[in-house]
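Peer 1: Here it is: the structure, laid out below.
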Amino acid sequence: MYVIISIAGKQYKVSKGQILRIPKINKELGETLKIDRVLFLDDGESIHIGKPNLKDSSVTASIINHGRDRKILVYKKKRRKGYERKNGHRQDFTEIEITNIDMSPLPNKKVKKQIDSSSVLKQEEE
């Protein structure tokens, strides 16, 4: 079973027990996080697509770590002008572990019966 969730404008495909790195969230270590923006759910037997989110479905995660990513260098230069700038950037992140995927009883789609065209014609003649 897996779901696609949306956190901070980014989408992630997750399953139970998975460790995920997301943009920093201001919560303490060990706290639980409930994510209601479930966009897609595949339970192995059927799939459910949200419009845009699935109602009454959520993902529970626990925060296991806060940290900073590796440094990315930003270098600017204009040729023949003597202009050079070198900056570094480190992005903060939060690591979470998916502890539970809660899916409410999702409705099964009803299949409409196909009507025989011959039976429709007989009813019109009568």
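Peer 1: Against the definition (closer than 27 Å to Arg90 by Cα, without any contact (Cβ under 8 Å) to a residue 60 or more places away in the chain and in contact with a Leu (Cβ under 6 Å, 6 or more places away or on another chain)), how does Ile35 come out, yes or no?
Peer 2: Working: closer than 27 Å to Arg90 by Cα: yes; without any contact (Cβ under 8 Å) to a residue 60 or more places away in the chain: yes; in contact with a Leu (Cβ under 6 Å, 6 or more places away or on another chain): no.
Answer is no for this residue.
Peer 1: Exactly one condition in (1) surrounded by 10 or more Cβ atoms within 10 Å (Cβ to Cβ); (2) in a strand (DSSP E or B); (3) not basic (Lys, Arg) is false for Tyr75; which is it?
Peer 2: (1)
Peer 1: Still on this structure: Kindly provide the set of residues from segment 12-32 that are surrounded by fewer than 12 Cβ atoms within 10 Å (Cβ to Cβ) and within 20 Å of Asp92 (Cβ to Cβ), ordered by number.
Peer 2: Asn26, Glu28, Leu29, Gly30, Glu31 - these are the residues of segment 12-32 that are surrounded by fewer than 12 Cβ atoms within 10 Å (Cβ to Cβ) and within 20 Å of Asp92 (Cβ to Cβ).
Peer 1: Next up: Quick one: Met103 ticks every box in (1) closer than 22 Å to Leu41 by Cα; (2) more than 30 Å from the chain's Cα centre (by Cα) bar one, so which box is it?
Peer 2: (2)
Peer 1: Which one of the conditions (1) touching a strand residue (DSSP E or B) at 6+ places or on another chain (Cβ under 9 Å); (2) of a type outside the set (A, V, I, L, M, F, W, C); (3) touching a residue at least 12 places away in the same chain (Cβ under 8 Å) does Glu84 fail to meet, given that it meets all the rest?
Peer 2: The one condition Glu84 does not meet is (3).
Peer 1: Quick one: is Lys27 in contact with a strand residue (DSSP E or B) (Cβ under 9 Å, 6 or more places away or on another chain) and part of a strand (DSSP E or B)?
Peer 2: Details: in contact with a strand residue (DSSP E or B) (Cβ under 9 Å, 6 or more places away or on another chain): yes; part of a strand (DSSP E or B): no.
No; evaluated as a whole, the condition is false for this residue.
Peer 1: Still on this structure, I have one more. Return the residues of segment 87-104 that are out of contact with any Ser or Thr (no Cβ under 7 Å at 6 or more places or on another chain) and not aliphatic (A, V, I, L, M); say none if nothing qualifies.
Peer 2: Residues satisfying the conditions are Asn87, Gly88, His89, Arg90, Gln91, Asp92, Phe93, Thr94, Glu95.
Peer 1: Okay, next question. All but one of (1) surrounded by 10 or more Cβ atoms within 10 Å (Cβ to Cβ); (2) at pLDDT below 90 hold for Ala61, so report the exception by its number.
Peer 2: (2)
Peer 1: Would you mention how many residues in segment 31-45 are outside any strand (DSSP E or B) and under 17 Å from Thr60 (Cβ atoms)?
Peer 2: First, pick out the residues of segment 31-45 that are outside any strand (DSSP E or B): 31, 36-37, 43-45.
Subset that is under 17 Å from Thr60 (Cβ atoms): 31, 36-37, 43.
Summing the residues that are outside any strand (DSSP E or B) and under 17 Å from Thr60 (Cβ atoms) in segment 31-45 gives 4.
The values are calculated or read from the model by the stated rules, or taken from the named source; none is laboratory data. Quick caveat, the model's predicted, so the values are computed rather than measured. A quick note on method: Cβ atoms are made from the backbone with ideal geometry, for glycine too, and the neighbour counts reach across all protein chains shown.
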